[in-house]
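Student: Please see the structure below; I have some questions.
Just so you know, all these numbers are worked out from the coordinates, no wet-lab data involved. Predicted model, so just to flag it, every value in this text is computed and none were measured. Positions of Cβ are backbone-derived with ideal geometry, glycine not excepted, and every protein chain shown enters the neighbour counts.
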Amino acid sequence: LPADFKRALPVLKEIEQAGYEAYFVGGSVRDHILGLPIHDVDIATSAYPEEIKEIFKHTVDTGIQHGTVTVLFNGSSYEITTFRTESGYQDYRRPDQVTFVRSLEDDLKRRDFTINALALDRNGDVIDKFDGLKDLDNHLIRAVGKAEERFHEDALRMMRAVRFQSQLDFKIETKTAEAISVNAHLLEKIAVERTREEFIKMMLGQAWQKGFANFLSFKLCDYAPGMKQHGSELDKLTNLNPIKFQDEDSVWAAIGFILKLSDSELNKLLRVWKVSNKTREVSLQIYEMLVLFADQKFSVWEIYNLGVDNFERTVKLCQLFNIEINYNQLSKIIEKIPIRSSHDLAITGNDLIKILNIKPGPEIGKILKNVEKSVVEENVSNNFDELKSYVLSNR
Ligand code: ATP
Ligand code: MG
């Protein structure tokens, strides 16, 4: 067993000693068998949340109504979830009602894909009720049970299918794929935030072009925010130079670029996808820088205003779109910019008020902006005395 599991073994033992069953489940088991690095180790148990809280001293009720308690143990934290079935699916969404059960098999049955329905006991033996090991071997994403029913229960699983396809570079098994094609419209019922999370995970995966191609061919895009009828334009992304996206911001910038959106249209798209304000801001900056590079006309001042920190990521997108730039020349120019933001200026608004003997007001802002531009364009160096005489001589 890898170290992460070994460290968690005492947790399983404690639960078993109290008379219950406990297993490692979900993504960590899948990734371990694939030989991939594992992140959070999830534990499933026959013990009810209250029973788990009696066994461990330090617990947090993270999602107790869904059966999840976080246990703090030897400096690590583990999510321990009671075996459960999900009942009463309404509107094709994840149910808010869960029923706790005492059988592992019932718990595994409600999981999305066979490769995610494996459990690992404390001896390192795999419990495989749905041929998940075979599907792992064959690189297949297959719904547990009847695909159609499973997507009716929770339509997000269709997004998860293309997400795992991209992350693992697996194929989606035929019947599962057909069921997605038939039920793609159910994605409309899913909260934007949940769709976005899977969408971004898909785009950040190694085989994103395959996952994205299916997102389009299954017509999931028609039921995702703001993408209806853009399938054929978006499809161009799947034929571009294969690069791996580094972050969500770059993904949105690339989508804006392939759709030839204006700044305000991209801004609107990002709002319907409910991306965070920070992500929206940076995505737009990268996008605007990419457009400047594509048009081959830009100034140092423009790049500076779009954020020197966004330069490398924009360069990466230039590779994706085959936009030629003179990287060495550009990075030299950017390195030479003496400041990163107006905060780095050697002179402040208060200094200007004293030096020029004027009242606080919009005038100060204008002068400061001018000074900033002159420093960025290296017409004056960023040094208090020089800036002072510069300001005085430009009165
Ligand atoms: P990751 O490595 O991205 O965390 P994961 O497989 O652990 O991948 P999670 O979203 O963390 O994915 O979910 C943990 C487990 O819970 C899954 O492996 C799966 O068994 C189950 N699961 C999660 N979401 C669903 C869902 N919508 N329907 C059914 N089962 C789900
Ligand atoms: Mg997980």
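Student: Could you compute the net charge surrounding Gly211? Neighbours are other residues with a C-beta less than 12 Å from the C-beta of Gly211; K and R count +1, D and E count -1.
Tutor: +3
Student: Rounded to the nearest 20 Debye, what is the dipole magnitude of segment 238-395 about its Cα centre when Lys and Arg each give +1 and Asp and Glu each give -1 at the C-beta?
Tutor: Here the size comes out at about 380 debye.
Student: Which whole-number value in Å³ per residue fits the convex hull of the alpha carbons of segment 178-300?
Tutor: 110 Å³
Student: Please get the size of the charge dipole for segment 311-395, origin at its Cα centre, with Cβ charges of +1 on Lys and Arg and -1 on Asp and Glu, quoted in debye to the nearest 20.
Tutor: Computed about the Cα centre, the dipole is about 240 debye.
Student: Please work out the C-alpha center-to-center distance from segment 319-395 to segment 59-84 and express it in whole Å.
Tutor: Cα centres, segment 319-395 to segment 59-84: 52 Å.
Student: Just to be sure I understand: with springs between alpha-carbon atoms less than 10 Å apart, which residue in Leu356, Leu269, Leu306 has the highest mean-square fluctuation in the Gaussian network model of the chain?
Tutor: Leu356
Student: Once you place label points 7 Å from the Cα toward the Cβ at Leu392 and Asn241, how far apart are they in nm?
Tutor: 5.2 nm
Student: Roughly how far apart, in whole Å, are the Cα centres of segment 121-135 and segment 12-48?
Tutor: A separation of 12 Å, based on Cα centres.
Student: What FRET efficiency do you get for Thr85 and Ile358 if R0 is 51 Å and r is their Cβ-Cβ distance, rounded to the nearest 0.05?
Tutor: It comes to 0.10.
Student: With just the Cα atoms defining each centre, how far is segment 195-209 from segment 230-266? Give it in Å.
Tutor: Between the Cα centres of segment 195-209 and segment 230-266 lies a distance of 13 Å.
Student: Run the quick spin-label model on Ser264 and Thr174: label points 7 Å from Cα toward the beta carbon, then report their separation in nm to one decimal.
Tutor: A separation of 5.1 nm, rounded to one decimal place.
Student: Using the charge dipole of segment 238-381 (Lys, Arg: +1 at Cβ; Asp, Glu: -1 at Cβ; taken about the Cα centre), state which of Leu266, Gly349, Asn328 has its Cα farthest towards the positive end.
Tutor: Leu266
Student: Further question: Would you mind calculating the gained length between His152 and Lys13 on full extension (0.36 nm times residue separation, minus the Cα-Cα distance), in nm to one decimal?
Tutor: Going from the current span to full extension adds 46.3 nm.
Student: Through the Karplus equation 6.51 cos²θ - 1.76 cosθ + 1.60, θ set to phi - 60°, convert the phi angles of segment 341-352 into ³J(HN,Hα) values in whole Hz; use x for Gly and Pro.
Tutor: 7, 4, 4, 7, 5, 7, 10, 10, x, 4, 4, 4
Student: What share of Cα pairs, in percent, lie more than 21 angstrom apart in segment 56-136?
Tutor: I get 41 percent for the Cα pairs in segment 56-136 exceeding 21 Å.
Student: Quick check on my link table: of Lys53/Lys146; Lys109/Lys244; Lys332/Lys366; Lys146/Lys189, which ones sit more than 27 Å apart, alpha carbon to alpha carbon?
Tutor: Cα-Cα > 27 Å for Lys53/Lys146; Lys109/Lys244; Lys332/Lys366; rest within.
Student: Separate question: Kindly list the residues of segment 39-76 that lie in the label zone of Ser276, defined by a backbone N under 20 Å from the point 7 Å along the Cα-to-C-beta vector.
Tutor: Inside the label zone: 40.
Student: Mind pulling the angle between the C-alpha long axis of helix 263-272 and the longest principal axis of the chain? Nearest 10 degrees, somewhere in 0 to 90.
Tutor: 30 degrees
Student: Okay, next question. Measure off 7 Å from each Cα along the Cα-to-Cβ vector at Asn74 and Asp61, then give the distance between these two points in nanometres to one decimal.
Tutor: 2.9 nm
Student: At 222 nm, what helix-only mean residue ellipticity would the chain give, in deg cm²/dmol to the nearest 500, using -39500 (n - 2.57) for each DSSP H run of four or more?
Tutor: Taking each H run of at least 4 residues, the total per residue is -14500 deg cm²/dmol.
Student: Mean-square fluctuation check for the chain, GNM, Cα pairs under 10 Å: which of Phe83, Phe24, Phe298 is largest?
Tutor: Judging by the Gaussian network model, the answer is Phe298.
Student: Run the dipole for the chain about the Cα centre, Lys and Arg Cβ at +1, Asp and Glu Cβ at -1, nothing else charged, and hand back the magnitude in debye, nearest 20.
Tutor: 800 debye
Student: Between Leu237, Leu133, Leu352, where does the largest GNM mean-square fluctuation fall for the chain, given springs only between Cα atoms within less than 10 Å?
Tutor: Highest fluctuation among the options: Leu352.
Student: Another question about this same structure. Say R0 is 45 Å: what FRET efficiency, to the nearest 0.05, do Lys297 and Lys228 get from their beta-carbon distance?
Tutor: The pair Lys297/Lys228 has a calculated efficiency of 0.85.
Student: Using a Förster radius of 56 Å, what is the FRET efficiency between Ser342 and Asn138 based on their Cβ-Cβ separation? Nearest 0.05, please.
Tutor: It comes out at approximately 0.45.
Student: May I pose another question? Given that compact globular proteins tend to follow 2.2 N^0.38 Å, what is the ratio of the alpha-carbon Rg of the chain to that value?
Tutor: Against the compact-globule rule of thumb, the ratio is 1.27.
Student: Let me know the volume per residue of the alpha-carbon convex hull for segment 258-340, in Å³.
Tutor: In segment 258-340, the Cα hull volume divided by residue count equals 94 Å³.
Student: Starting from the Cα gyration tensor of segment 315-395, take the square roots of the eigenvalues, sort them a ≥ b ≥ c, and report rounded, prolate or oblate (rounded when a/c is under 1.5, otherwise prolate if a/b is larger than b/c, else oblate).
Tutor: Prolate, because a/c is 1.5 or more and a/b exceeds b/c.
Student: Could you tell me which of Tyr48, Gly27, Ala3 has its Cα farthest along the dipole of segment 1-77 towards the positive end, charges placed at Cβ (Lys, Arg +1; Asp, Glu -1), taken about the Cα centre?
Tutor: So the residue furthest toward the plus end is Ala3.
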